[in-house]
1. From 149, 199, 207, grab the single residue that is assigned by TED's automatic domain parsing to the domain that holds residue 323, modelled with pLDDT of 95 or more and surrounded by fewer than 19 Cβ atoms within 10 Å (Cβ to Cβ).
2. Hey, can you tell me all the residues within the range 1-49 that are free of Cβ contacts under 8 Å to residues at least 40 places away in the same chain and assigned to a loop (DSSP other than H, G, I, E, B)?
3. Any idea which of 72, 83, 15 is surrounded by fewer than 19 Cβ atoms within 10 Å (Cβ to Cβ), assigned by TED's automatic domain parsing to the domain that holds residue 147, modelled with pLDDT of 95 or more and closer than 22 Å to residue 205 by Cβ?
4. Taking residue 284 as the residue in question, decide whether it is in contact with a helix residue (DSSP H, G or I) (Cβ under 8 Å, 6 or more places away or on another chain) and more than 27 Å from residue 132 (Cα to Cα).
């Protein structure tokens, strides 16, 4: 086991460490909350990684893929845990990708009005983004992550050994979130080894979360590229993983910012260069309808003061309210 880094998410009495390195899942027993009697390990059948919490535990398998992120799955898991006698004195351990950590974290937030949980993310996307920061939740047919809670884990174990078994498409999806960090303080990530990039991205996210735990301001920058990404995922009928959709969303956000005069062509080109360097898509998948996408933008969680996007600009990446529709349509045309 090599603990490459232990990054502190500083939230006062809710602070915790994110451990990054090969084999760090072996630390699980040492980060289980003191006094926990039993552990409910929530995972998916195809994850293929077992863990030892060091206490009595039961394994609960969630539905496969993004289908796991539903209210019906939350109810099913809560009922299964209730039937097995789990109480507030117990702990949840999430083992899997972003869908599992989002789901299990939300179950932890609502079961018995909140119990402790530890995340063991096994995909690149989950290790650099989804498992860190305490945003948990599930989807509705009307949009991504519309039901959720802020519920911080007790620890996160980013075991980079799990990445060696991932299909290339899954790694590619994770690189979409890494590309995002390039524009929110991660320009230095380009020259690092993968494990160091993961730790660097985690450090950026930890600093943002510590500054704005509940997304009242600065934390919104972590949604850079996600307005279009979530719209694509909501509409369906495409062949993109989440991180791939985020990559397209980064280029789209840059085109919107240029249409509004916030950045110049060179900065748009930099977005395209970074996204391409991660071998990620730069254009919209065919068949998506502009009207449907823009309607989805309006249902986004950020849209509280008119249509709102996170955009690059002279002061860096920041939320911008009241984005005019002509700029949105112009940028969509640029991605066709």
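1. 207
2. 1, 2, 3, 15, 34, 45, 46
3. On inspection, the qualifying residue turns out to be 15.
4. When the stated conditions are applied, residue 284 passes them.
Every residue, every condition in (1) in contact (Cβ under 8 Å) with a residue 24 or more places away in the chain; (2) buried (at least 19 other Cβ atoms within 10 Å of the Cβ); (3) under 30 Å from residue 7 (Cβ atoms); (4) assigned by TED's automatic domain parsing to the domain that holds residue 316, yes or no:
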site	(1), (2), (3), (4)
183	yes, yes, yes, yes
239	yes, no, no, yes
251	yes, yes, yes, yes
273	no, no, yes, yes
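The values are calculated or read from the model by the stated rules, or taken from the named source; none is laboratory data. Keep in mind that what you see is a predicted model, and the values were worked out from it rather than measured. Virtual Cβ from ideal backbone geometry, glycine too; neighbours counted across all protein chains shown.
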